[in-house]
Structures are given as C-alpha cells and as structure tokens.
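Trainee: Here it is, the structure, as structure tokens.
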Amino acid sequence: MSTRAQDPRRYAHLWEGSQAPHRWVLWNTEGRTVVFDRTLNMPADVDDGDLEAVVGRMREAGVPEGDEYPGRPCGS
C-alpha cells in the first residue's frame, strides 16, 4: 500500500450505508487498526496515508470495531 495521502472520500463506501451485518469492520490487531472486509474475508486495501481519516470516519459512522478476528475460518 502506498503511504501517500489521497482523498479519503474515495473510501466512502466503507462507512456509508446501513448494511447489517456490516461488510466492513474495524479490527484492532497487534497495535494497529485494520479495515476488514467480511465478505472477502481479508483486510481491505486502504492506502496508509488515508487510513487514519478512513478509520475516523468509520468510527463516527458507528461501524463495528473489536479485537477479535472478524472473519470466517480460512477455507470456509
């Protein structure tokens, strides 16, 4: 991922809408926060330079956040 900040609004799909259960969640792991895609069962690709702004907007929107792995077991 690039470290150059772009325009975090290009990630608006991560915090807009009222999907239940949420497709994208915040996963706190090993001292950092990751945007996790529960449909693809993997971290979402967010540029490092935009990550702080994206996480902040997701938190403001009430996106679920936790320390436990939010995905399915691999291969399922």
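The values are calculated or read from the model by the stated rules, or taken from the named source; none is laboratory data. Because the structure is predicted, anything quoted here is derived from the model rather than measured. Neighbour counts run over all protein chains shown; Cβ positions are idealised from the backbone, glycine included. Each accessible area value is taken on the protein alone, full model and side chains, heavy atoms only, with ligands, DNA and RNA left out. Shrake-Rupley method; radii C 1.70, N 1.55, O 1.52, S 1.80 Å.
Trainee: By how many degrees, 0 to 90 and rounded to 10, does the Cα axis of helix 48-60 deviate from the longest principal axis of the chain?
Mentor: Its long axis makes an angle of about 70 degrees.
Trainee: Taking the full set of protein chains and a 1.4 angstrom probe, give the accessible area of D48 in square angstrom, rounded to the nearest 10.
Mentor: D48 exposes around 70 Å² with every protein chain in place.
Trainee: Per the 1.4 Å probe, what fraction of the accessible area of the chain, in percent, lies on carbon and sulfur atoms?
Mentor: 49
Trainee: Provide the per residue accessible area, probe 1.4 Å, for the chain, rounded to a whole number of square angstrom.
Mentor: Dividing the accessible area of the chain by its residue count gives 66 Å².
Trainee: Grab the eigenvalues of the alpha-carbon gyration tensor for the chain, scale each by 5, take roots, and send me the semi-axes largest first in whole angstrom.
Mentor: Each semi-axis is √(5λ); the values are 19, 15, 12 Å.
Trainee: Of the candidates L14, L40, L51, which one comes out as most mobile in a Gaussian network treatment of the chain with C-alpha springs shorter than 10 Å?
Mentor: Greatest mean-square fluctuation among the candidates belongs to L40.
Trainee: With each pseudo-label sitting 7 Å past Cα toward Cβ, what's the C74-R9 distance in nm, one decimal?
Mentor: 3.9
Trainee: How long is the gain from D45 to T33 if the chain were fully straight, where each residue apart is worth 0.36 nm and the alpha carbon distance is subtracted?
Mentor: 3.0 nm
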